[in-house]
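Working notes, beginning with the structure itself.
The numbers here are math on the coordinates, done by the rules we state, and not lab data. This one's a predicted model, so the numbers in the text were calculated from it and none came from an experiment. Every residue, glycine as well, gets a Cβ built from its backbone with ideal geometry; the counts of neighbours run over all protein chains shown.
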Amino acid sequence: MKQNETNIPSEKLAAFVDNELMGAERAEIEKRLDQDSELREGFNAQKQVKNLVHDCVVLERAPVHLRSRIRRSLEDAQKTPGFFNLLADIFRFHAAKSLLAAAVLLLLVTFPWLQNMGSDTDLFNGGKYQIVEGKVICV
C-alpha cells in the first residue's frame, strides 16, 4: 500500500477521487489537499487517469435477444422456490400425510430416548444408546 508523505493511503485517495468517501474522511482529505502540494499532485494524477479511462473505454450494448434472455433467466432464478418454500407447499397441499410423516419421523428420532426413559441409566453419562438402522423413507 503506497502512501504519500501525509500518510494518506493511495486507496483512500482513489476513493476520494471516485467520490466514495463521506463525512470526516472527506473533510480531512480536502483539508490536506489545501495544505499539501505533493498530495494535490497525486490527486490531479489520479483524476487524470480516471478521466482517460472514462474517455477511452467505450461501452457496447448487448444485443436485444441476449439482454432479454438474461432478464428471463434472472426472473426464473427469483421465482425458483427454496427448500423451506417447497416444504411449506408439501404441508399445505398434503396436510394429513405430512403430519403423519412428521409424527413418524419424530417418533423414530425420539425412540431411543423414550425406550430408556424408565431405566435408571443416564443417556448422557455412560447410558445405553439405541441405534436405528434401515432404509431412508421418502415422503
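Overview of values
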{"quantity": "Burial ordering of L13, L105, fewest other beta-carbon atoms within 10 Å first", "calculated": "L105, L13"}
{"quantity": "Cleavage-rule hits, trypsin sites (Lys or Arg not before Pro), segment 1-102, DSSP coil, Cβ neighbours within 10 Å at most 14", "calculated": "K2, R61"}
{"quantity": "Fraction of the pair-distance distribution of segment 10-56 above 12 Å, Cα-Cα pairs, percent", "calculated": "62 percent"}
{"quantity": "Distance (nanometres) between label positions extended 7 Å along Cα→Cβ at L100 and V57", "calculated": "6.2 nm"}
{"quantity": "Cα-derived Rg to Rh of segment 5-89, Kirkwood definition", "calculated": "1.32"}
{"quantity": "Footprinting exposure proxy for F84, F111, F16 (fewest neighbouring C-beta atoms within 10 Å first)", "calculated": "F84, F111, F16"}
